[in-house]
Amino acid sequence: MTTERPPFTSASFYRYLKEGRMMGVRCQQCGDLSATPRPICRACHSQDLEWTPLSGRGELTTFTAISIAPTVMAEKGFGRNNPYCSGIVTLDEGPRVSAFIAEVDARNPESIPLGLALEVDFSAVDQDRPGLVFKPR
């Protein structure tokens with residue numbers, strides 16, 4: 001019996017998030033691991049890839065507090081008087097991802113330490129416009 005694997009697309013990646021799983025893509029030729037979907041290995045250009053589970057845990061590498069919000073964030077109440085935090089998270093497995101950082105005070109960026117231990121917050125994944133959300137652990 002053969003099971004068909006989902007394509008290596010953003011749609012598949014977000015479907016996994018909606019299911020409460022964070023998945024990455026590993027190259028079967030060179031072992032390169034990517035936290036974002038891609039149909040070709042960025043290291044060796046092989047197409048011999050597989051979905052692989054990621055822990056969804058990592059640490060905050062860098063961030064910015066954003067007070068000029070795009071429409072989707074303004075609809076969630078963010079803006080000049082209520083900035084939000086966007087950051088780069090280095091996953092325990094090594095790859096880095098860009099994500100919304102929840103449960104931190106973006107009005108006081110000095111209070112947000114680099115190296116902050118984070119985990120994916122599956123309960124905060126927007127079912128209509130999914131994206132990565134991390135929170136302190």
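The values are calculated or read from the model by the stated rules, or taken from the named source; none is laboratory data. Quantities reported herein were computed from a predicted structural model and do not represent experimental measurements. Using ideal geometry, Cβ is built from the backbone for each residue, glycine included, and neighbour counts are taken over all protein chains shown. Surface accessibility is based on the protein's heavy atoms, side chains included, excluding ligands, DNA and RNA. Shrake-Rupley method; radii C 1.70, N 1.55, O 1.52, S 1.80 Å.
Residues of segment 54-79 with the amide nitrogen closer than 20 Å to a label point 7 Å from the Cα of Arg107, along Cα-to-Cβ, please. Residues 64-70, 73-79 qualify, since their backbone N sits under 20 Å from the label point.
Per 0.36 nm of contour for each residue apart, how much would the distance between Thr61 and Ile88 grow if the chain were fully extended, relative to their Cα-Cα spacing? Each step should come with its number before you reach the end.
Details: separation 27, 0.36 × 27 = 9.72 nm, distance 0.55 nm.
The span from Thr61 to Ile88 would gain 9.2 nm if fully extended.
Amide hydrogen proximity for Ala69: with H placed 1.01 Å from N in the peptide plane, the residues at 5 or more positions away or on another chain lying under 5 Å are Arg80.
In the chain, the C-alpha radius of gyration followed by the widest Cα-Cα span (Dmax) gives 16.2, 56 angstrom.
Potential lengthening of the chain between Asn81 and Ile40 amounts to 10.5 nm, from the contour at 0.36 nm per residue minus the alpha-carbon distance.
Treating only the Cβ atoms of Lys and Arg (+1) and Asp and Glu (-1) as charged, compute the dipole magnitude of segment 1-54 about its Cα centre; round to the nearest 20 debye. Show your work: numbers first, answer last.
Working: 7 positive and 5 negative charges, 37 e Å.
Charge dipole, segment 1-54, about its Cα centre: 180 debye, nearest 20.
Relative contact order of the chain: 20 percent, from C-alpha pairs under 8 Å at least 6 residues apart in sequence.
Rounded to whole numbers, the Karplus 3J(HN,Hα) couplings from phi for segment 76-82 are 8, x, 8, x, 3, 8, 9 Hz, using 6.51 cos²θ - 1.76 cosθ + 1.60 with θ = phi - 60°, and x at Gly and Pro.
Which residue, Thr61, Thr52, Thr71, has the most motion in a Gaussian network model of the chain that connects Cα atoms within less than 10 Å? Ranking Thr61, Thr52, Thr71 by mean-square fluctuation puts Thr71 first. Taking the chain as a whole, the Cys residues whose C-beta sits 4.7 Å or farther from every other Cys C-beta are Cys85.
Under unit Cβ charges (Lys, Arg +1; Asp, Glu -1), what dipole magnitude, rounded to 20 debye, does segment 19-137 have relative to its Cα centre?
Working: 12 positive and 15 negative charges, 46 e Å.
About 220 debye.
Accessible surface for segment 21-99, divided over its residues, is 52 Å² per residue with a 1.4 Å probe. A DSSP coil position with no more than 14 other Cβ atoms inside 10 Å describes the following GluC sites (Glu not before Pro) in segment 86-137: Glu103.
Rounded to whole numbers, the Karplus 3J(HN,Hα) couplings from phi for segment 83-88 are x, 10, 10, 10, x, 9 Hz, using 6.51 cos²θ - 1.76 cosθ + 1.60 with θ = phi - 60°, and x at Gly and Pro. Beta bridges assigned by DSSP with both partners in the chain are antiparallel in approximately 95 percent of cases.
Using a 1.4 Å probe on the protein chains only, how many percent of the accessible area of segment 54-137 belongs to carbon and sulfur? Carbon-and-sulfur percentage of accessible area, whole number: 47.
Enumerate by residue number the GluC sites (Glu not before Pro) in segment 17-92 meeting two conditions: DSSP loop (anything except H, G, I, E, B), and at most 16 other Cβ atoms within 10 Å of the site's Cβ.
Glu19, Glu75
Loop-located trypsin sites (Lys or Arg not before Pro) in segment 1-66 (DSSP state not H, G, I, E or B) with no more than 13 neighbouring Cβ atoms inside 10 Å: Arg42.
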